[in-house]
Structure formats: structure tokens, C-alpha cells
Amino acid sequence: MKTKKKMTLKFYQNLGKLFYAIALADKHVHDIEFDKLKALIKQQWLDVDVLEDDFSTDAAYQIEFVFDWLNKGGDLNAKTCYDAFVNYKNEQPHLFTESIKKLILRTARAIAASFSGLNKSELIMLAKLDIELKK
């Protein structure tokens, strides 16, 4: 019998923190990075599961909501957001299947590359994320 992994709102909220950290790695979040994230949520993340929030909205939109909240003054820096994601990943490893890990990396790379390609700080954070997801 195969057990289906049940995603949670907290899972998507922590992805919002991670993707915000990736965008903020160079100390500035550009509109094009947020636009890229929104497009990727619609194209790839909405099909991950059928979980909805309290307002009957697909839970994957929690990624966008958290990213936007942090961008509008959530008072957390890139390292704090990245570390929060890693802590969550380590507490809930069963949610991070190979396909989810690949989707996370694809999304993170696309966000980082959306504004003038990849810079050194983004490359470093992407490399750390790649290593973390292989654990």
C-alpha cells in the first residue's frame, strides 16, 4: 500500500520563505523575481496537491502570500528565511520527495535567474540549497 504525502499550509509557507531568501540573496528583491514566482506557482505548484486554505484557495498560493508579506516589510533577512526553511525540512523530511526537491530547485533557479542572470550570492545560496536537499 502506497501512502500519499499530505502537504500542509506550513509546508507552502516555508517555501515562501525559501523563495524570498533566494530573491533577497543579492540584498534586493526585484519585481521580475516576484512575477516569475507567481507564474511558476500557476504553472507548476498548483498541481502538487488539492490542499486548500481556510478561504478555499489552493494552498500553493501560501508561497506567494508569504513571499509578498516578507517583501513588504516582514523584517526577516535572507539567512533567517533560508534557515527557517531548512529547519522545517529537517522536521518534516517525509514531505520532501525527489519530485518535490526537483521542483523546489527548478523554482529557486528560475527566480534567481529572472533578473540579470545569476550573481555570486544567488549561486552560493542555490549551491547550499542543492546540498541541503540531497541530505
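Where a number appears in this text, it was derived from the coordinates with a stated rule and is not lab data. All values derive from a computational prediction rather than experimental measurement.
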(request) Output ³J(HN,Hα) for segment 16-25: one whole-Hz value per residue in order, computed from phi by the Karplus curve 6.51 cos²θ - 1.76 cosθ + 1.60 with θ = phi - 60°, and x for Gly and Pro. (result) x, 5, 4, 5, 5, 4, 4, 5, 8, 3
(request) Rank Lys120, Lys79, Lys38 by mean-square fluctuation in a GNM of the chain with C-alpha springs under 10 angstrom and give only the top-ranked residue. (result) Lys120
(request) Could you please tell me the mean projected area of the C-alpha convex hull for the chain, averaged over all directions and given in square nanometres to one decimal? (result) 8.2
(request) Quick one: check the C-alpha center-to-center distance for segment 62-135 versus segment 1-61, whole angstrom. (result) 10
(request) Using only Cα atoms, find the angle between the long axis of helix 120-134 and the longest principal axis of the chain, and express it within 0 to 90 degrees, rounded to the nearest 10. (result) 20
(message) Principal axis extents for segment 35-80, Cα atoms only, whole Å, descending order, please.
(response) 31, 24, 16
